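Undergrad: Quick one: the structure is below, questions incoming.
Since every read-out is calculated from the coordinates, none of them should be taken as a lab result. None of these values were measured; they are calculated from a predicted model. A quick note on method: Cβ atoms are made from the backbone with ideal geometry, for glycine too, and the neighbour counts reach across all protein chains shown.
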Amino acid sequence: MRKVFDFHGGIHPTENKHQSVRTPIADAGIPPELIIPLSQHIGAPARPLVAIGERVLKGQMIAEALGFVSVPVHAPTSGTIHAIEDRLIAHPSGYLAPCIVITTDGQDEWEAHSGVLNYRTLETADLISIIRNAGIAGMGGAGFPSAVKLSVKADTPIETLIINGTECEPYITADDALMREQAFEIIEGTKILQQIIGPKSTLIGVEDNKPEGIAALCAAAQGTNIEIVTFPTKYPSGGEKQLVEILTGQQVPSGGLPSEVGVVCQNIGSTVAIFDAVVKGRPLISRVTTVTGESVREPQNFEVLIGTPVQYLIDKAGYQSEKNNRLIMGGPMMGFTIPDTGVPIVKTTNCVLAPSEAELSTPPPAQACIRCGMCAEVCPASLLPQQMFWFAQGKEFEKLEEHNLFDCIECGACSFACPSNIPLVQYYRASKSEILQLRHDHEIAEQSRIRFEARQQRLEQAEQEKEAKRAARKIAAQQRAEAAQESGAEDPIQAAIDRAKIKKAEQQQDGAGDESELHKLEKAIASTAKRLTTATTKLEQAQAEGSDLVGALQTGVDKTREKMAVAKQALNDYQQHLDTRSAEQRPADAAQSAIERAMQARTTEAALSPQEKARVDLKKLQNRLKKTQATLLQSHQNAEEAKVIEALESTVARLTEKINALQPLLNTAEDA
Amino acid sequence: MIDLLTQHPLLAAIIALVLLAAVFGALLGFAAEKFKTEGNPIADEINNILPQTQCGQCGYPGCRPYAEAIAGGEAINKCPPGGETGVQALADLLDLEPLPLDEEHGEAKKIAAVAFIREDECIGCTKCIQACPVDAILGAAKQMHTVISSECTGCDLCVEPCPVDCIDMIAEEESLKTWHWQLPDPVSRRVDIIATDVIPSNPNEGRAA
């Protein structure tokens, strides 16, 4: 008989286990609809592999693992994919999560699958990959991917493999039922684990309140090196760290993993799932779940498909909703109230508890902490719950961490023991998530700080580079100037300034010379007259030949005529101006003359007949249209963005419209 | 010499003290030079508390400059993203009276938000990229821009420069990922922890089915 140890604290709540083990495990059957969450484990959610409307077979992988800490999901029975959408899941938050919904067809048709009967021939890596591909995640509660747990590093030697058959929480008998009925599978699954890990000793720890299960296990383990260890019933001896201490006497260090003391733990349910996966080739698509409580007529264990709605399962056990005050997923110590009966059973659901009001009544109001210390006495992690309660209320997170809040396993023993009915665990859960949130925020802030500083540095550097270039240019300019001076040539800057001055002076002189201005105007008139005659001759010629160019030439002639008129007007004005100016003073500034020029231009324009005006406008529009069309063609050829082409096309349309509007105006003018 | 000292204890004491002062003074002076701290350590600690949104609501161009200003005596209540908890933390660090948040610099936001660019309206002007203090906007001239939401601090600085107003601040919705347990409400007793539900005076009574 192996020596067993004790751990600090612990409580003895009423077990209430006998109700649900009176009958063997029943098959829950196939519900019409299965809701399979993509994240039933700790780690990254799986990625769907199927499409809506697709037919899937039992055991087919419908979502693959995404990353190392993740597991795939398989179809629990044959049917069609009804939807891949967010559904309400069993989570205390009551939030939706992505799920694959299968409408079952009742045929339960298997996908071709085969196991390896002689698993001893397989390599460790192959075994781990089978376990991973079978979607096995810790079935005790947290749902940590089993394959990850088994991939222990070579530098941490594992002395002991512990199979956790404790099941210390009241009401739950799923593991007990497995031990009674599937002891052979448990032992074989344990042997597979032995092969993977290669421990010196293998222990199956069971509380002494399950004599039938222990007897069955002992019978199955005959002739193997697997030792069945029983120890006194006490809650929470099923906690991983507590079980390690009970069986080995060693304490897992704060914040550490059991592998640090040479131990790997697996749940009884996981060993059966591993046996099924390796030997039968059957992925994790169903599990044993206890349905119990006073609100069900026949409390019992069910072999239930993953994704079965809770309502379907409790109806199988004879659920009486009028007696029930709330539905709890998990046990009475660590479970949570589910928001709706439509939520699905997942890989970690070991119990659905439907208590009556008398069984688990609404708790009385919390009273003040009287610092009796009972919580500290029962704490299995040897913490100081009353101190932590104090700090949690005051949100003193640093103090909480100093008091090892993160070693709390949230077993609820302190809350159970508290004579003031304070929901202590609730305070620790809230504080833990708050601290994690703060840590996360701080990490993000740190990242932002780094990015901000990197950006500042980059901008500064760019500024410095610019400054350096500027300085270099300045120096170069100075050097050039010096070189020029030395070689006797004048300073280029000074030379440029001088040139500009000379030019200005010349312009002023030009302005003064009235003679030259007059001369210019006369010259302009002469050249325009000349152009006009040539254009007119050409037009006449074209008209005689009936050429296509008539229109264009006509406009040319018109334009030249206009210019002629403007030039003549200008000369006229100038002469008048000269006459008046001889009497007056010269206009002092250039602006005045510019205004006058503009006014003159306007009068000339006004002098044009409406027909001419319309023709000019039309011409302008036509030119613009041509230009736009050319650009459009080019952009078509260059296959430019649709946005650009669209804009150009709309411009063309607008211009055509304008031209069309102007054309009749011109025609009527010509008719008149 | 010894005789002189023994006969004049006052003189002896003065000489001894002067010698000691000279030795320790030299030692301190040497240490001050040798182990001189670079930068301002208190500003670093203040900067650690500030939320690093780099929003400039405090009136300084970023968290670091404000941290340095606080180290130089600036008021600690000018950081709306840090909220009351931030002011409290700063007050604890600097041993000051915690002040209420200065409303002039904006109100504390309850929910974190990230910028989102409506991408088909973006004209690719790069103005928001230049405004972003943490380089969280990706894009180039005449190319669509987008916000790297994991890097966005929700500082709002990109919203104002956008000429086509295509940037929205979208508040993060609470989801399964962001959800966490709340402290129990002392008034309502509907808490989901079951263990406290029944505290029978005798554990073997009343619980058995």
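Undergrad: Once Lys and Arg get +1 and Asp and Glu get -1 on their Cβ, which of A:Ala147, A:Ile187, A:Gly165 lies farthest toward the positive end of the dipole of segment A:85-189?
TA: Going by the Cα projections, it comes out as A:Ala147.
Undergrad: Taking +1 at the Cβ of each Lys and Arg and -1 at the Cβ of each Asp and Glu, which of A:Ala413, A:Leu436, A:Ala476 sits farthest along the dipole of segment A:372-476 towards its positive end, judged by Cα position relative to the Cα centre?
TA: Positive-end residue among those listed: A:Ala476.
Undergrad: Quote the charge dipole size of segment A:61-125 about the Cα centre in Debye, to the nearest 20; the model charges only the Cβ of Lys and Arg (+1) and of Asp and Glu (-1).
TA: Using Cβ point charges on Lys, Arg, Asp and Glu, segment A:61-125 gives about 240 debye.
Undergrad: How tilted is helix B:83-94 with respect to the longest principal axis of chain B? Cα atoms for both, answer in degrees (0 to 90, nearest 10).
TA: 10
Undergrad: Using DSSP H assignments, which helices in chain A have an axial alpha-carbon span of 20 Å or above and a mean Kyte-Doolittle hydropathy of -0.5 or higher?
TA: A:183-197, A:590-607, A:642-671
Undergrad: I've got another one for you. Among all cysteines in chain A, which have no other cysteine Cβ under 4.7 Å from their own Cβ?
TA: Lacking a cysteine Cβ partner under 4.7 Å: A:Cys99, A:Cys168, A:Cys218, A:Cys265, A:Cys351, A:Cys369, A:Cys372, A:Cys379, A:Cys408, A:Cys411, A:Cys418.
Undergrad: If contacts are Cα pairs under 8 angstrom and at least 6 residues apart, what is the relative contact order of segment B:4-162 in percent?
TA: 17
Undergrad: Now a separate question. Under a Cβ-only charge scheme (Lys and Arg +1, Asp and Glu -1), can you give me the dipole magnitude of chain B about the Cα centre, in debye to the nearest 20? Display every interim value, and only then the final one.
TA: Working: 13 positive and 31 negative charges, 101 e Å.
I would put it at about 480 debye.
Undergrad: Out of the GluC sites (Glu not before Pro) in segment A:353-399, which ones are loop residues according to DSSP with at most 15 other C-beta atoms within 10 Å?
TA: Numbers: sites: A:Glu357, A:Glu359, A:Glu377, A:Glu396, A:Glu398; in loops: A:Glu357, A:Glu359, A:Glu396.
Counting only loop positions with at most 15 other Cβ atoms within 10 Å, the GluC sites (Glu not before Pro) in segment A:353-399 are A:Glu357, A:Glu396.
Undergrad: So what is the relative contact order for chain A, in percent, with contacts set as C-alpha pairs under 8 Å and at least six apart?
TA: Numbers: 1087 pairs, mean separation 83.0, N = 672.
Relative CO of chain A lands at 12 percent.
Undergrad: Quick check: the angle from helix B:9-34's long axis to the longest principal axis of chain B, C-alpha only, nearest 10 degrees?
TA: 30
Undergrad: Going through segment A:125-209, which trypsin sites (Lys or Arg not before Pro) have at most 11 other Cβ atoms within 10 Å and a DSSP loop state?
TA: Answer by residue number: A:Lys153, A:Lys200.
Undergrad: Could you list, by residue number, the cysteines of chain B that have no other cysteine's beta carbon within less than 4.7 Å of their beta carbon?
TA: Here B:Cys58, B:Cys63, B:Cys79, B:Cys122, B:Cys125, B:Cys132, B:Cys152, B:Cys162, B:Cys166 come out as lacking a disulfide-compatible partner, given the Cβ-Cβ threshold of under 4.7 Å.
Undergrad: Per residue and in cubic angstrom, what volume does the convex hull of the Cα atoms of the protein assembly as shown have?
TA: Working: hull volume 392.4 nm³, N = 881.
Convex hull of Cα atoms, per residue: 445 Å³.
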